[in-house]
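A short write-up of the structure that comes next.
The values are calculated or read from the model by the stated rules, or taken from the named source; none is laboratory data. What you are looking at is a predicted structure, and each value in this text was computed from that prediction instead of being measured. Positions of Cβ are generated from backbone atoms using ideal geometry, with glycine treated the same way; all protein chains shown enter the neighbour counts.
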């Protein structure tokens, strides 16, 4: 997830899609990090990305310290891409203030932040929290006003604005992942799902009482909870979280199901199992007084219809595609996660 941020590699150039007009491969705010021999993340591929990588590496190979560059790319006429829109890219050498800003961002990947970088003049970079509080770098009061005036809302976009002296600045919103999955079960399928989600825009809380089941190396967006009381993690999750239950024990699956259906503001709930398992759980839930509308919200079996292969990697691919569909629909809804 966010390879451009987690790479922590210097020397490098941070390339940001600062502005988009018309059709383009990626939206404004998209970033990639370019080093002399590696590239982390993508701004959409194609000729645009090849040009951007070449420009970034030329900056890295310069004999003098490079300045920030801000370039306009018509995709159709000059690059031969069928998108046909226009993209503006900023090229920022990762040094001094920007390096400190990126270090601070890595420490708060689960919180929203605003990044401010100078396009014109001497390099300058600062980081702010969602309320406009300065976290890293330096910023004059007039620049704080820029963030307050132009940084409202939560759309994942970058924008270029000018201060009173006409100097241009990139204001870039770096959003924490909105999707949060609480995954119960560290078996083969659970491990495959964690691997598949490791590079996706989400946070995962992975729960199992068997600590030895968790691998030593985890994706940066995964937090492990080894506990004998997994039901407590149901209530501890943020409102609107998604839940996926696939433990080694049917009685534990039952207890977790009851805890999930008993709490409000559940974004999505999936239970691994067959149609027969669903029928058994439905009967038990009805006997315990759960409303039919709550039971109906339980997704079991999980995964996309038509995919019947039971290999863990196949189940993981199917379930992750299902989750992405759910999360994108929630992101487009004015009030997701209220069931």
Residue within region 324-333 that is within 26 Å of the chain's Cα centre (by Cα) and either farther than 22 Å from residue 202 by Cα or not in a helix (DSSP H, G or I) (or both) present: yes
Flag for residue 5 being crowded, with 21+ Cβ neighbours inside 10 Å, touching a strand residue (DSSP E or B) at 6+ places or on another chain (Cβ under 9 Å) and not in a loop (DSSP other than H, G, I, E, B): no
Region 107-128, subset under 21 Å from the mean Cα position of the chain (by Cα), touching a residue at least 12 places away in the same chain (Cβ under 8 Å) and loosely packed, with under 14 Cβ neighbours inside 10 Å, residue farthest from residue 179 (Cα to Cα): 111
Region 182-228, residues that are more than 18 Å from the chain's Cα centre (by Cα), within 19 Å of residue 266 (Cβ to Cβ) and free of Cβ contacts under 8 Å to residues at least 40 places away in the same chain: 207, 225
Output for region 317-332, where each listed residue is farther than 16 Å from residue 274 by Cα and surrounded by 15 or more Cβ atoms within 10 Å (Cβ to Cβ): 317, 320, 322, 323, 324, 326, 327, 330
Selected residue (criterion: surrounded by the most Cβ atoms within 10 Å (Cβ to Cβ)) from residues of region 17-30 that are modelled with pLDDT of 85 or more and not in a strand (DSSP E or B): 30
Lone qualifier among 33, 79, 89, 14 - being modelled with pLDDT under 90 and outside any helix (DSSP H, G or I): 79
Failed criterion for residue 252 (all others in (1) closer than 19 Å to residue 326 by Cα; (2) touching a residue at least 12 places away in the same chain (Cβ under 8 Å) hold): (1)
Subset of region 197-224 [surrounded by 19 or more Cβ atoms within 10 Å (Cβ to Cβ) and not in a loop (DSSP other than H, G, I, E, B)]: 197, 202, 203, 204, 205, 206, 207, 208, 222
